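Since the structure comes first, as structure tokens, the remarks are kept for the end.
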Amino acid sequence: MALGYLRFPTVHGDDVAFVSEDDLWVVPLAGGVASRLTAGRGRITTPRWSPDGGSIAYAGADEGDQDIWLLDREGGEPRRLTHLGDITEVLAWEPDGSAVWVSSNARQPFRGLRGLYRVPLDGSGPVLVPRGNVRGLAVR
């Protein structure tokens, strides 16, 4: 991989995942050769490792609007978790890995407002958590 603009780093154990060239990459934290995990046409943002490091949730726009996808650590076909559309981003994982917390401006009266959603991995769909605007919510 050529030197480039590296964005949205997320660390788990000895690995760091990041976005470059609108794709998801992973590299040892100590340095080395990065491996490309995705090769899509759309923009990718806000990757977050699962608590066990076995997968990465990220916001991707391969099919139009930005929604949440889940990718196995080793790569392969990502699984779409949401169909909220517009601007949706990953905030954090449930500590047990059962769900992802995301923000989205879906169903909001103004584009700048973001709702908080809990997205279970069992496929049951996102659940809006009534907390008001969560844009700029700090997560660890």
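The values are calculated or read from the model by the stated rules, or taken from the named source; none is laboratory data. Keep in mind the model is a prediction, meaning the values are calculated, not measured. Glycine also receives a Cβ, built like all others from the backbone with ideal geometry; neighbour counts cover every protein chain displayed.
Structure data summary
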quantity: First in the stretch 82-105 and under 11 Å from Pro51 (Cα atoms) and touching a residue at least 40 places away in the same chain (Cβ under 8 Å), second anywhere and in a loop (DSSP other than H, G, I, E, B) and of a type in the set (A, V, I, L, M), Cβ under 7 Å, 6 or more apart; calculated: Ala92/Val139; Val100/Leu81
quantity: Residues that are of a type in the set (A, V, I, L, M) and part of a loop (DSSP other than H, G, I, E, B), drawn from the stretch 78-105; calculated: Leu81, Leu84, Ile87
quantity: Only listed residue being outside any strand (DSSP E or B), of a type outside the set (S, T, N, Q) and closer than 21 Å to Pro126 by Cβ, chosen from Gly64, Gly75; calculated: Gly64
quantity: Residues located in the stretch 82-122, provided they are surrounded by fewer than 18 Cβ atoms within 10 Å (Cβ to Cβ) and at pLDDT 90 or above; calculated: His83, Ala92, Glu94, Pro95, Asp96, Gly97, Ser98, Arg118, Pro120, Leu121, Asp122
quantity: Asp23, sole failed condition from (1) in contact (Cβ under 8 Å) with a residue 40 or more places away in the chain; (2) acidic (Asp, Glu); (3) closer than 23 Å to Gly64 by Cα; calculated: (1)
